[in-house]
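Trainee: So that we are looking at the same thing, I have put the structure below in C-alpha coordinates.
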Amino acid sequence: VQIASQADVERIRREARGLAVSVGFGCADAEAIALAVSELATNLVRYAPGGEVLVAPCAQDTGTGIAICSCDGGPGISDVELALRDGYSTGGGLGSGLPAVRRLMDDFTLTTSPAGTRIEARKWLSTPSPSP
Ligand SMILES: Nc1ncnc2c1ncn2[C@@H]1O[C@H](COP(=O)(O)OP(=O)(O)OP(=O)(O)O)[C@@H](O)[C@H]1O
Ligand SMILES: [Mg+2]
(Lines give C-alpha, C1' and ligand atoms only; values in the text may rest on other atoms or scores of the structure.)
(Ligands and ions follow the chains in the order given, each with its own letter.)
Protein backbone atom coordinates (compact mmCIF):
# COMPACT_ATOMS: atom_id res chain seq x y z
CA VAL A 1 0.00 0.00 0.00
CA GLN A 2 1.31 3.44 -0.93
CA ILE A 3 1.62 5.74 2.07
CA ALA A 4 1.57 9.47 1.45
CA SER A 5 -0.72 10.94 4.08
CA GLN A 6 -2.13 10.46 7.55
CA ALA A 7 -5.29 9.03 5.96
CA ASP A 8 -3.19 6.27 4.38
CA VAL A 9 -1.66 5.57 7.80
CA GLU A 10 -5.12 5.10 9.33
CA ARG A 11 -6.18 2.83 6.51
CA ILE A 12 -3.15 0.52 6.65
CA ARG A 13 -3.44 0.44 10.45
CA ARG A 14 -7.01 -0.87 10.24
CA GLU A 15 -6.15 -3.33 7.50
CA ALA A 16 -3.19 -4.66 9.47
CA ARG A 17 -5.36 -5.24 12.54
CA GLY A 18 -7.96 -7.08 10.46
CA LEU A 19 -5.38 -9.25 8.77
CA ALA A 20 -3.72 -10.08 12.09
CA VAL A 21 -7.04 -11.24 13.53
CA SER A 22 -7.78 -13.33 10.44
CA VAL A 23 -4.36 -14.97 10.73
CA GLY A 24 -5.25 -15.98 14.29
CA PHE A 25 -3.76 -13.34 16.57
CA GLY A 26 -5.71 -12.29 19.63
CA CYS A 27 -6.89 -8.74 20.22
CA ALA A 28 -3.81 -7.53 22.09
CA ASP A 29 -1.35 -8.94 19.54
CA ALA A 30 -3.42 -7.63 16.64
CA GLU A 31 -3.38 -4.21 18.28
CA ALA A 32 0.41 -4.43 18.71
CA ILE A 33 0.86 -5.30 15.03
CA ALA A 34 -1.44 -2.44 14.03
CA LEU A 35 0.58 -0.07 16.20
CA ALA A 36 3.88 -1.21 14.67
CA VAL A 37 2.47 -0.73 11.16
CA SER A 38 1.18 2.70 12.04
CA GLU A 39 4.56 3.80 13.48
CA LEU A 40 6.40 2.71 10.33
CA ALA A 41 3.81 4.34 8.07
CA THR A 42 3.88 7.56 10.10
CA ASN A 43 7.66 7.73 9.68
CA LEU A 44 7.21 7.40 5.91
CA VAL A 45 4.98 10.48 5.92
CA ARG A 46 7.31 12.40 8.24
CA TYR A 47 10.85 11.52 7.20
CA ALA A 48 10.57 10.30 3.63
CA PRO A 49 8.61 11.47 0.63
CA GLY A 50 6.10 8.73 1.43
CA GLY A 51 6.74 5.11 0.62
CA GLU A 52 5.18 1.68 0.72
CA VAL A 53 4.01 -0.61 3.51
CA LEU A 54 3.32 -4.28 2.95
CA VAL A 55 1.44 -6.42 5.45
CA ALA A 56 1.09 -10.13 4.73
CA PRO A 57 0.71 -13.49 6.39
CA CYS A 58 3.98 -15.41 6.49
CA ALA A 59 5.07 -18.93 7.30
CA GLN A 60 8.18 -20.89 8.14
CA ASP A 61 8.60 -24.47 9.33
CA THR A 62 8.16 -23.44 12.96
CA GLY A 63 4.85 -21.71 12.43
CA THR A 64 2.89 -18.89 10.87
CA GLY A 65 2.64 -15.21 11.56
CA ILE A 66 2.49 -11.83 9.98
CA ALA A 67 5.16 -9.88 8.16
CA ILE A 68 5.29 -6.13 7.80
CA CYS A 69 7.66 -4.27 5.57
CA SER A 70 8.11 -0.57 4.91
CA CYS A 71 10.32 0.89 2.23
CA ASP A 72 10.99 4.35 0.96
CA GLY A 73 13.32 6.30 -1.28
CA GLY A 74 13.93 8.93 1.37
CA PRO A 75 17.20 10.26 2.81
CA GLY A 76 17.95 7.19 4.93
CA ILE A 77 18.87 7.05 8.62
CA SER A 78 22.42 8.20 9.33
CA ASP A 79 22.77 6.53 12.73
CA VAL A 80 20.65 3.41 13.03
CA GLU A 81 21.75 2.58 16.56
CA LEU A 82 20.68 6.03 17.71
CA ALA A 83 17.39 5.88 15.79
CA LEU A 84 16.52 2.63 17.60
CA ARG A 85 17.13 4.20 20.99
CA ASP A 86 14.12 5.38 22.99
CA GLY A 87 13.85 9.14 22.97
CA TYR A 88 15.87 9.89 19.84
CA SER A 89 14.05 11.97 17.27
CA THR A 90 15.20 14.35 14.57
CA GLY A 91 11.67 15.57 14.05
CA GLY A 92 10.59 16.69 17.49
CA GLY A 93 8.73 13.42 18.10
CA LEU A 94 8.94 11.25 21.20
CA GLY A 95 11.46 9.03 19.47
CA SER A 96 9.61 5.94 20.57
CA GLY A 97 8.31 4.71 17.20
CA LEU A 98 11.14 2.48 15.96
CA PRO A 99 12.04 1.14 19.44
CA ALA A 100 8.38 0.20 19.90
CA VAL A 101 8.26 -1.61 16.57
CA ARG A 102 11.34 -3.61 17.54
CA ARG A 103 9.84 -4.48 20.96
CA LEU A 104 6.39 -5.38 19.64
CA MET A 105 7.58 -7.66 16.85
CA ASP A 106 9.64 -10.88 17.06
CA ASP A 107 12.03 -10.27 14.14
CA PHE A 108 13.29 -6.87 13.09
CA THR A 109 15.62 -5.95 10.23
CA LEU A 110 16.51 -2.42 9.18
CA THR A 111 18.57 -1.58 6.10
CA THR A 112 19.21 1.99 5.17
CA SER A 113 21.34 4.05 2.83
CA PRO A 114 21.21 7.61 1.49
CA ALA A 115 18.94 6.15 -1.20
CA GLY A 116 16.27 4.94 1.20
CA THR A 117 15.23 2.77 4.10
CA ARG A 118 13.70 -0.70 4.32
CA ILE A 119 12.38 -2.13 7.56
CA GLU A 120 11.08 -5.69 7.82
CA ALA A 121 9.51 -7.16 10.93
CA ARG A 122 7.66 -10.35 11.70
CA LYS A 123 5.54 -11.57 14.55
CA TRP A 124 4.85 -15.28 15.02
CA LEU A 125 1.75 -16.92 16.37
CA SER A 126 2.59 -18.82 19.51
CA THR A 127 1.38 -22.34 18.92
CA PRO A 128 -0.29 -23.94 21.92
CA SER A 129 1.84 -26.77 23.32
CA PRO A 130 0.36 -30.18 22.50
CA SER A 131 -1.68 -31.66 25.33
CA PRO A 132 -0.10 -34.71 27.02
N1 LIG B 1 11.77 6.08 6.99
C2 LIG B 1 12.68 6.89 7.54
N3 LIG B 1 13.54 7.62 6.77
C4 LIG B 1 14.47 8.43 7.33
N5 LIG B 1 14.61 8.61 8.66
C6 LIG B 1 13.79 7.92 9.48
C7 LIG B 1 12.78 7.04 8.97
N8 LIG B 1 12.14 6.48 10.03
C9 LIG B 1 12.71 7.00 11.13
N10 LIG B 1 13.71 7.87 10.82
C11 LIG B 1 14.61 8.59 11.75
O12 LIG B 1 14.66 7.84 12.97
C13 LIG B 1 14.28 8.67 14.06
C14 LIG B 1 13.56 7.84 15.09
O15 LIG B 1 12.29 7.38 14.60
P16 LIG B 1 11.13 7.05 15.64
O17 LIG B 1 9.93 6.61 14.88
O18 LIG B 1 11.69 6.12 16.66
O19 LIG B 1 10.87 8.43 16.36
P20 LIG B 1 10.07 9.72 15.84
O21 LIG B 1 9.29 9.39 14.61
O22 LIG B 1 11.06 10.84 15.74
O23 LIG B 1 9.08 10.01 17.04
P24 LIG B 1 7.74 9.19 17.38
O25 LIG B 1 7.69 8.01 16.44
O26 LIG B 1 7.88 8.75 18.82
O27 LIG B 1 6.65 10.16 17.16
C28 LIG B 1 13.45 9.77 13.43
O29 LIG B 1 13.45 10.95 14.21
C30 LIG B 1 14.14 9.97 12.09
O31 LIG B 1 15.30 10.77 12.24
MG1 LIG C 1 8.12 7.72 14.42
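Trainee: Over the chain, what percent of the accessible surface lies on carbon and sulfur atoms, probe 1.4 Å?
Mentor: C and S atoms contribute 53 percent here.
Trainee: Please report, to one decimal in angstroms, the Kirkwood hydrodynamic radius of segment 71-114 built from all distinct Cα-Cα pairs.
Mentor: 11.2
Trainee: Follow-up. P(r) for the chain: what percent of alpha-carbon pairs falls in each 10 Å bin, starting at zero?
Mentor: Binned Cα distances yield the sequence 13, 45, 31, 9, 2, 0.
Trainee: Not counting ligands, DNA or RNA, and with a 1.4 Å probe, what is CYS58's accessible surface area in Å² rounded to the nearest 10?
Mentor: Estimated to the nearest 10 Å², CYS58 gives 30 Å².
Trainee: Take ALA100 and VAL21, extend 7 Å from each Cα along the Cα→Cβ direction, and tell me the distance between the two endpoints in nm.
Mentor: Distance between label points: 2.0 nm.
Trainee: Please give the calculated 222 nm ellipticity per residue for the chain, where each DSSP H segment of at least 4 residues contributes -39500 (n - 2.57) and the sum is spread over every residue; nearest 500 deg cm²/dmol?
Mentor: Counting only the DSSP helices, I get -12000 deg cm²/dmol.
Trainee: Starting from the 7 Å offset along Cα-to-Cβ, what nm value, one decimal, do you get for the label separation of ALA28 and ASP86?
Mentor: Placing both labels 7 Å beyond Cα along the Cβ direction yields 1.8 nm.
Trainee: How many Å² of accessible area per residue for the chain, probe 1.4 Å?
Mentor: For the chain, the solvent-accessible area averages 55 Å² per residue.
Trainee: Based on the Kirkwood radius over alpha-carbon pairs, what is the Stokes-Einstein translational diffusion coefficient of segment 59-132 at 4 °C with 1.567 mPa s viscosity, in µm²/s?
Mentor: Result for D is 93 µm²/s.
Trainee: What is the local net charge at ALA48, summed over the other residues whose Cβ is closer than 14 Å to its Cβ (Lys, Arg +1; Asp, Glu -1)?
Mentor: Net charge around ALA48: -2.
Trainee: Quick check: residue separation of GLU10 and ALA59 times 0.36 nm, minus the Cα distance between them. What number comes out in nm?
Mentor: 15.0 nm
The values are calculated or read from the model by the stated rules, or taken from the named source; none is laboratory data. The model shown is predicted, which means the values in this text are computed figures rather than measured ones. Note that each Cβ is placed from the backbone with ideal geometry, even for glycine, and that neighbours are counted across all protein chains shown. These accessible areas exclude ligands, DNA and RNA; they are computed on the full protein's heavy atoms, side chains included. Shrake-Rupley method; radii C 1.70, N 1.55, O 1.52, S 1.80 Å.
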